[in-house]
Amino acid sequence: MHCEKVKSLLHDYLEGSLNRGIAEQIEAHLNRCADCRREWQYVKQIWQSLETLPEVTPPADLHARIMTHVRANTRAREAQQRRFLWRWLVPSLSAAAVLVIAIGLFSYQPNGGVQGGLGSLPTAPTSPTDPMPQPVPAGVRLEWRQVAQGEQIPVLEATLNREATASLVFTPTPQTPLREGTIVWQGKLLPQKAVEIPLKMVFELTKEGVATLWWSVDDQYRALFVPAGYPPARIASIRLNAPLSEALAKLASTYQTPIEWVPSDRAQNPTVVLSVEDTTMEEALTQLLDGTGYQIKRTESGWRVFAE
């Protein structure tokens with residue numbers, strides 16, 4: 001069994017969901033391959049870290065919120081079906097036939113309402129009885145969660161409004177090829193469902209002040225430069241001459257603020273120069289990206305760098 005296949009099955013192997021024959025092949029491979037054995041030990045540490053996370057108590061109104069969402073979707077589907085019926089029915093009939101059907105289906109009621117031949121048609125309410133559910137914002141977000149004894153650990157939360165395959169890969173440096181990285185998580189994203197990935201073990205393995213993570217959705221990659229410390233610094237002095245990926249990692253480490261970078265096909269990883277004194281991160285990013293074709297946007301947890 002090849003290394004790539006073994007690494008892709010490590011989560012299933014630890015979960016015990018593989019048949020005995022495949023599990024024995026993986027065990028034999030791990031006994032003779034030091035690289036895959038390190039990967040297996042790392043994934044095993046992540047699983048152990050997940051077990052230490054505190055149990056989350058669902059909110060008291062969770063059932064009510066779920067039923068509100070179900071009722072809203074049911075009403076929307078019913079309205080869509082009625083609109084589809086009339087779009088199909090009306091063009092197919094002559095004006096006289098439409099009039100006959102309208103008279104047959106509807107009759108005046110003494111109370112001023114309208115009775116339908118196929119059942120009573122509800123009148124539109126003046127105000128909705130239930131609030132419409134809000135869509136979950138799609139993307140990746142970083143949060144610091146407080147655990148036992150006041151310790152804070154970073155957790156990556158990912159959501160998407162469609163089904164897609166995704167993965168999170170850790171590389172020792174921004175320049176390390178993805179094929180040499182370590183898979184932190186891989187699986188399938190489902191619409192409106194959040195995936196939470198603890199990053200504590202990532203920072204225990206990195207020797208840098210910032211972890212470089214590559215998040216991919218359907219083979220479209222973006223880099224996440226996540227600092228190990230907290231809280232962020234307000235101003236700093238920086239001098240550098242490096243590829244953009246290394247420069248962004250340096251800024252994330254210096255200001256202790258996460259940066260999300262969406263590489264552009266037009267300027268994949270240009271060399272940039274920066275020399276600033278007592279400057280905020282926004283000013284440093286603005287000067288760093290001048291002339292590169294990239295722009296910045298403030299996010300909930302840090303900054304996003306993307307092509308113009």
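The values are calculated or read from the model by the stated rules, or taken from the named source; none is laboratory data. This is a predicted model, so every value here is computed, not measured. Heads up, the Cβs are rebuilt from the backbone with ideal geometry, glycines too, and the neighbour counts pull from every protein chain shown.
Scanning segment 186-213 for residues that are of a type in the set (Gly, Ala, Ser) and out of contact with any Gly (no Cβ under 9 Å at 6 or more places or on another chain), which turns out surrounded by the most Cβ atoms within 10 Å (Cβ to Cβ)?
Ala211
Does Ile183 count as assigned to a strand (DSSP E or B) and closer than 21 Å to Ile296 by Cα?
On the way: assigned to a strand (DSSP E or B): yes; closer than 21 Å to Ile296 by Cα: no.
No, not satisfied.
Any residue at all in segment 266-288 that's within 26 Å of Ala164 (Cβ to Cβ) and among the hydroxyl-bearing types (Ser, Thr, Tyr)?
There is no residue in segment 266-288 that is within 26 Å of Ala164 (Cβ to Cβ) and among the hydroxyl-bearing types (Ser, Thr, Tyr).
Mind checking which residues of segment 2-44 are assigned to a loop (DSSP other than H, G, I, E, B) and modelled with pLDDT under 85?
If the condition is that a residue be assigned to a loop (DSSP other than H, G, I, E, B) and modelled with pLDDT under 85, then His2, Gly16, Ser17, Leu18, Asn19 are the ones that fit.
Looking at segment 269-282 only, could you name the residues that are part of a helix (DSSP H, G or I) and farther than 18 Å from Ala307 by Cα?
Within segment 269-282, just Met281 meets the criteria.
Kindly state which strands (runs of 3 or more DSSP E) lie completely within segment 195-268 and contain at least 2 residues that are of a type outside the set (Gly, Ala, Ser) and under 18 Å from Gln175 (Cβ atoms).
Correct list: 210-217, 220-227, 235-243, 259-261.
Can you find a residue in segment 248-264 that is surrounded by fewer than 18 Cβ atoms within 10 Å (Cβ to Cβ) and touching a strand residue (DSSP E or B) at 6+ places or on another chain (Cβ under 9 Å)? Explain how you work it out, then say what you get.
As a first pass, look at segment 248-264 and keep what is surrounded by fewer than 18 Cβ atoms within 10 Å (Cβ to Cβ): 262, 264.
Applying the additional criterion that residues be touching a strand residue (DSSP E or B) at 6+ places or on another chain (Cβ under 9 Å) yields 262, 264.
Yes, segment 248-264 contains at least one residue that is surrounded by fewer than 18 Cβ atoms within 10 Å (Cβ to Cβ) and touching a strand residue (DSSP E or B) at 6+ places or on another chain (Cβ under 9 Å).
Looking for whichever is β-branched (Val, Ile, Thr), under 17 Å from Asp290 (Cα atoms) and either touching a Pro at 6+ places or on another chain (Cβ under 8 Å) or touching a residue at least 24 places away in the same chain (Cβ under 8 Å) (or both) here; the options are Ile238, Ile197. Which one fits?
Of the residues listed, the single one that is β-branched (Val, Ile, Thr), under 17 Å from Asp290 (Cα atoms) and either touching a Pro at 6+ places or on another chain (Cβ under 8 Å) or touching a residue at least 24 places away in the same chain (Cβ under 8 Å) (or both) is Ile238.
Cβ-Cβ distance below 6 Å, separation of 6 or more or different chains: which pairs start in segment 205-228 with a residue that is in the same structural domain as Thr165 (by TED's automatic domain parsing) and end on one that is surrounded by fewer than 17 Cβ atoms within 10 Å (Cβ to Cβ) and in a strand (DSSP E or B)?
What qualifies is Trp214/Tyr221; Val217/Ala164; Asp218/Ala164.
Just for segment 284-300: of the residues that are farther than 15 Å from Leu240 by Cα and either of a type outside the set (Gly, Ala, Ser) or buried (at least 20 other Cβ atoms within 10 Å of the Cβ) (or both), which one is farthest from the chain's Cα centre (by Cα)?
That would be Thr292.
Restricting the search to segment 24-50, which residues are over 30 Å from Ala148 (Cα atoms) and in contact with a helix residue (DSSP H, G or I) (Cβ under 6 Å, 6 or more places away or on another chain)?
Of everything in segment 24-50, those that are over 30 Å from Ala148 (Cα atoms) and in contact with a helix residue (DSSP H, G or I) (Cβ under 6 Å, 6 or more places away or on another chain) turn out to be Ile26, His29, Leu30, Cys36, Arg37.
State the number of residues belonging to segment 141-194 that are under 11 Å from Trp214 (Cβ atoms) and in contact (Cβ under 8 Å) with a residue 60 or more places away in the chain.
So the count comes out to 4.
A quick yes/no check of all residues on (1) under 21 Å from the mean Cα position of the chain (by Cα); (2) among the polar types (S, T, N, Q); (3) modelled with pLDDT under 90:
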| residue | (1), (2), (3) |
| --- | --- |
| Arg145 | yes, no, yes |
| Gly150 | no, no, yes |
| Arg162 | yes, no, yes |
| Ser167 | yes, yes, no |
| Pro177 | no, no, yes |
| Gln192 | yes, yes, yes |
